[in-house]
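**Student:** Supplied in structure tokens, the structure appears directly below.
Quick note: the coordinates plus some simple rules give every number you see, no bench work behind them. Values in this document were obtained by computation on a predicted structure and should not be read as measured data. No Cβ is skipped: glycine too gets one built from the backbone with ideal geometry, and neighbour counts run over all protein chains shown.
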Amino acid sequence: MIIHEYQGKELLREMGVPIPGGKVAQTPEEAGKIAGELGTKVAVKAQVHVGGRGKAGGIKLAGSAEEAVAKAKEIIGMDIKGLTVHKVLVEEAIDIETELYLGITLDRARGTHVIMFSTEGGVDIEEVAEKTPEKIVKVAVDPRRGLLDHHIRKVCYAFDMSKENRKALGVFVKTLYKLYMAKDCSIAEINPLVVTKDGRMLAADAKVNFDGNALYRHPELEAMAEISEEDPLEVKAKEMGLAYVRLDGEVGIIGNGAGLVMGTLDEVNRVGGKPANFLDVGGGASAKVVTNSLSLVLSDPNVKGVLFNIFGGITRGDEVAKGIVEGTKVLNIDKPLVIRLSGTNEEEGRKILSDAGIETAATMEEAAEKIVALTRN
């Protein structure tokens with residue numbers, strides 16, 4: 001679950017983290033009123049569930065209430081990476097001396113939480129990792145033991161900083177970790193964490209995402225969810241009961257089993273294609289499920305073809321094939337399909353598909369090569 005910057009900052013404020021003063025506005029007039037109340041130069045910031053707002057023109061400075069109204073008119077209603085801006089955060093503009101980065105997330109490979117700190121704040125941490133990895137320190141925290149003093153010292157003494165900034169940073173590390181654990185976050189990030197010219201350390205931005213599997217423990221977070229800010233295809237998938245994540249490629253992927261689908265994404269990448277989505281239909285592939293899945297995947301205008309990767313265990317391959325054939329009859333499909341069947345009755349299933357004029361493959365590798373070739377034509 002993703003929330004807005006202003007919601008993340010409110011959670012930080014409740015934990016005692018200093019943040020710039022400001023409020024959310026849904027109209028330009030509200031933005032002007034807030035700017036007038038603040039009585040200082042303000043930043044008008046688009047609130048959408050994507051990054052890169054500044055580069056897209058979604059963050060603008062205003063020196064007066066009237067200017068804040070004008071800037072809000074420019075931002076509200078604009079499209080940022082496919083999402084429409086419905087509200088803006090109007091907050092005090094900060095006189096910045098230094099921009100830092102502080103984040104906490106899960107290191108799945110090591111089975112630990114990881115604190116990341118960098119002196120290169122204000123840009124994507126992925127960009128810093130690629131161009132200047134020596135400017136990032138990563139500190140693993142064993143979840144069984146929790147955050148200890150030596151973890152904080154390793155972060156605070158990783159780079160040359162003043163005594164005052166180290167002390168302030170230590171408080172931020174403790175507090176952010178407390179929030180991360182208390183709310184079952186998947187990531188808690190302050191970027192940039194700024195030092196002002198008068199020596200204060202503030203959270204100038206906040207990115208807080210929650211583990212969806214733990215939301216049942218946090219009914220207080222339900223009010224923060226905004227369906228209008230989610231990808232419309234992902235919302236539609238939830239309504240259908242499908243596990244779907246939209247990506248930015250051209251090859252639609254449908255499989256049964258999360259691991260199998262992940263492996264299929266990797267294989268498509270390996271042979272030079274780009275997956276358009278992750279879609280796990282679960283244990284069955286009935287005509288209804290197939291129809292819903294295909295309809296959903298093909299709703300993405302970037303999709304040029306669809307790859308099914310189905311393993312028949314308890315579900316027989318011939319029954320899966322019948323479901324795919326029946327499902328495709330409902331839809332008017334003008335894009336290539338490739339079906340890989342493996343497991344129980346796979347040969348019978350492939351014959352059913354072939355008789356229906358649907359491209360088949362015996363292996364995942366073959367299927368990936370075929371769909372990538374077809375989507376390039």
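**Student:** Which percent, nearest 5, of DSSP beta bridges in the chain are antiparallel?
**Tutor:** 75 percent
**Student:** So, R0 is 45 Å and r is the distance between the beta-carbons of Val114 and Asp198; what FRET efficiency does that work out to, to 0.05?
**Tutor:** Approximately 0.90, to the nearest 0.05.
**Student:** Also: If each residue's Cβ is checked for other Cβ atoms within 10 Å, how do Met240, Met116 rank with the fewest at the top?
**Tutor:** Listed from fewest to most nearby Cβ atoms, that is Met240, Met116.
**Student:** Something else now. For the range 24-55 and the range 298-377, what is the separation of their Cα centres, given in Å?
**Tutor:** If you average the Cα positions of each part, the centres end up 49 Å apart.
**Student:** Further question: Please build a GNM for the chain, connecting alpha carbons under 10 Å apart, and tell me which residue among Ala158, Ala203, Ala35 fluctuates the most.
**Tutor:** Maximum among the listed residues: Ala158.
**Student:** When DSSP beta bridges are limited to those with both residues in the range 232-376, what percentage is antiparallel, rounded to the nearest 5?
**Tutor:** Of the beta bridges lying entirely in the range 232-376, close to 20 percent run antiparallel.
**Student:** Right, next: Out of these labelled values of Cα extents along the principal axes in Å, (i) 75, 49, 40; (ii) 132, 72, 46; (iii) 56, 52, 45, which was calculated from the coordinates shown here?
**Tutor:** Answer label, from the structure shown: (i).
**Student:** Given the options Thr175, Ala46, Gly32, identify the residue whose Cα lies farthest towards the positive end of the charge dipole of the chain (+1 on Cβ of Lys, Arg; -1 on Cβ of Asp, Glu).
**Tutor:** Thr175
**Student:** If each residue of separation counts as 0.36 nm, what is the full-extension length gain between Ile187 and Leu148 once their alpha-carbon separation is subtracted?
**Tutor:** Result: 12.1 nm gained on full extension.
**Student:** Any chance you could run the full-extension gain for Arg217 through Lys167? It's 0.36 nm times the residue separation minus the Cα-Cα distance, nm to one decimal.
**Tutor:** Contour length minus the Cα-Cα distance gives 14.7 nm.
**Student:** Let me ask something else about it. Can you tell me the orientation of helix 364-376 relative to the chain, as the angle in degrees between its alpha-carbon axis and the longest Cα principal axis, to the nearest 10?
**Tutor:** Computed tilt is about 80 degrees.
**Student:** Could I have the simple spin-label model distance between Lys81 and Asn332, label points 7 Å from Cα toward Cβ, reported in nm to one decimal?
**Tutor:** Inter-label distance under the simple model: 3.4 nm.
**Student:** Below 11 angstrom from the Cβ of Thr27, what's the summed charge of the other residues (Lys, Arg +1; Asp, Glu -1)?
**Tutor:** Counting the neighbours of Thr27, the net charge comes to +1.
**Student:** Give me Tyr6, Tyr180 sorted ascending by neighbouring Cβ count inside 10 Å, so fewest comes first.
**Tutor:** Tyr6, Tyr180
**Student:** A further question follows. State which stretch of the chain is the longest one without any exposed trypsin sites (Lys or Arg not before Pro), exposure meaning a DSSP loop state and at most 15 other Cβ atoms within 10 Å.
**Tutor:** Answer - 201-377.
**Student:** What is the extension gain from Leu233 to Ala140, computed as 0.36 nm multiplied by their sequence separation minus the C-alpha to C-alpha distance, in nm to one decimal?
**Tutor:** Length gained between Leu233 and Ala140: 29.9 nm.
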